[in-house]
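**Student:** Shown below is the structure under consideration.
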Amino acid sequence: MGEPPVKLISSFGSTFSHRTEVALRLKRVPYELIVEDLHNKSQLLLTHNPIHKKVPVLLHGDRPAISESLVIIEYVDEAFAGRPLLPTDPHARTTARFWAHFIDQKCMKSLWAALWMEPSEAQRRSMVEAKGSLALLEEHLGERSFFGGDSIGLVDIAASVLAHWLGVMEKISGVTVVTKEEFPALCHWSRRYVGDEDVKTCLPERGDLVAMFSGCKEMFRSMAMAMPQ
Ligand SMILES: N[C@@H](CCC(=O)N[C@@H](CS)C(=O)NCC(=O)O)C(=O)O
């Protein structure tokens, strides 16, 4: 009997969707991509992710759907053969999870506020916090090619937003956070990440992202202003 089909509910330009698609690509898992219109969510999405109503969602055969990008990556890594995305050693595995969660819970929140808040004391504090978190990532990466060592792993995938999306956000918001002078290791890593052959197959075109996110500027600003400080 063959492997049950894999479907990925995603949306164009979604960094979280990219994470899961790249995991499938790296593991060589064939999948069907279902691109959702988030302004008009489908019954498929609402049925399979009734709790968060967000993409990405992974469907594997007739098993209950899996949501939340980092959870999906771990599932893909465990459910399919192919090269590992997480280390096998329990300590290294847990450390990778720690940094992936650090990116979502600490790095991204302050980065978002620094990029999109109106200039203010709170925005300046967020910038300091964002740079502090990025400096920790820079130090953790050190001299390695990837957070996963010689090849892309969980933390690289979690950080993919920094490699491809951050530059677009900086252009649209007019706020620069990452420079090669301040974060040389992260800048080299970004180039290696976006240059990877598997990653390239599922990266949205920069021009398309600029066009899409330019229209979201006001929405991003109000989201940032509404964030708890
Ligand atoms: N924590 C979630 C975040 C997913 C997420 O925020 N997805 C966005 C698209 S990038 C979404 O579906 N937004 C629709 C909404 O908020 O209603 C994950 O890691 O998968």
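**Student:** With every protein chain present, what is the per residue accessible area of the chain (1.4 Å probe, Å²)?
**Tutor:** Numbers: 11730 Å² over 229 residues.
About 51 Å² of surface per residue is accessible.
**Student:** Quick check on the chain: helices-only [θ] at 222 nm, where DSSP H runs of length 4 and up contribute -39,500 (n - 2.57) each and the sum goes over total residues. Nearest 500, please. List each step's numbers first, then the result.
**Tutor:** Working: 12 runs with 120 residues, N = 229.
Estimated from H runs of four or more residues: -15500 deg cm²/dmol.
**Student:** Separate question: What's the FRET efficiency of residue 210 with residue 41 using the Cβ-Cβ distance as r and R₀ = 22 Å, to the nearest 0.05?
**Tutor:** Values: r = 25 Å, r/R0 = 1.12.
Taking R0 as 22 Å, the efficiency between residue 210 and residue 41 is 0.35.
**Student:** Follow-up question, since we're still on this one. What percent do you get for the relative contact order of segment 69-160 when only Cα pairs under 8 Å and 6+ apart count? Don't jump to the answer; show the numbers that get you there.
**Tutor:** Details: 69 pairs, mean separation 29.2, N = 92.
RCO, segment 69-160: 32 percent.
**Student:** Another question, if that's okay. Going Cα to Cα from residue 131, which lysines come in below 21 Å? Please leave out same-chain ones fewer than 8 positions away.
**Tutor:** Candidates past the 8-residue exclusion: 106, 109, 171, 180.
**Student:** Another question, if that's okay. Find me the longest stretch of the chain that has none of the exposed GluC sites (Glu not before Pro), where exposed means in a DSSP loop (not H, G, I, E or B) with at most 13 other Cβ atoms within 10 Å. Display every interim value, and only then the final one.
**Tutor:** Numbers: sites that count: 143, 181, 205.
The longest such stretch corresponds to 1-142.
**Student:** Report the label-to-label distance for residue 97 and residue 143 in nanometres (one decimal), using points 7 Å from each Cα along the Cα→Cβ vector.
**Tutor:** Simple spin-label model gives 3.1 nm for this pair.
**Student:** Add +1 for every Lys or Arg and -1 for every Asp or Glu among the other residues with Cβ under 12 Å from the Cβ of residue 163, and state the total. All intermediate terms of the calculation are to be shown ahead of the outcome.
**Tutor:** On the way: positive: 19, 191, 192, 200, 206; negative: 156, 196.
Taking every other residue near residue 163 into account, the sum is +3.
**Student:** Between residue 105 and residue 176, what is 0.36 nm times their sequence separation minus the Cα-Cα distance? Round to one decimal in nm.
**Tutor:** Working: separation 71, 0.36 × 71 = 25.56 nm, distance 2.09 nm.
The span from residue 105 to residue 176 would gain 23.5 nm if fully extended.
**Student:** Something else about it: Could you quote the convex hull projected area for segment 103-229, Cα atoms only and averaged over all directions, in nm²? Don't skip to the end; give the middle numbers.
**Tutor:** Values: hull surface 30.4 nm².
The Cα convex hull of segment 103-229, projected and averaged over all directions, gives 7.6 nm².
**Student:** Suppose R0 equals 30 Å. What FRET efficiency, 1/(1 + (r/R0)^6) with r the Cβ-Cβ distance, do residue 89 and residue 192 give to the nearest 0.05?
**Tutor:** The pair residue 89/residue 192 has a calculated efficiency of 0.80.
**Student:** Another question, if that's okay. For labels at residue 121 and residue 226 in the simple 7 Å Cα→Cβ model, what's the distance in nm?
**Tutor:** Going from the residue 121 label point to the residue 226 one covers 2.5 nm.
**Student:** Would you please give the residues with an amide H less than 5 Å from that of residue 12, counting only those at least 5 places away or on a separate chain, with H modeled from the backbone geometry?
**Tutor:** For residue 12, whose amide H was placed from the backbone, the distant partners under 5 Å are 36.
**Student:** First compute the accessible area of the chain with a 1.4 Å probe, then give the percent of it belonging to carbon and sulfur atoms.
**Tutor:** Of the solvent-accessible surface of the chain, carbon and sulfur hold 57 percent.
**Student:** Considering only C-alpha atoms, what is the centroid distance from segment 39-71 to segment 114-167, in Å?
**Tutor:** One Cα centre to the other: 27 Å.
The values are calculated or read from the model by the stated rules, or taken from the named source; none is laboratory data. Quantities reported herein were computed from a predicted structural model and do not represent experimental measurements. For neighbour counting, all protein chains shown are included, and Cβ atoms are generated from backbone atoms with ideal geometry for every residue, glycine included. Heads up: the accessible areas ignore ligands, DNA and RNA and are worked out on the full protein's heavy atoms, side chains in. Shrake-Rupley method; radii C 1.70, N 1.55, O 1.52, S 1.80 Å.
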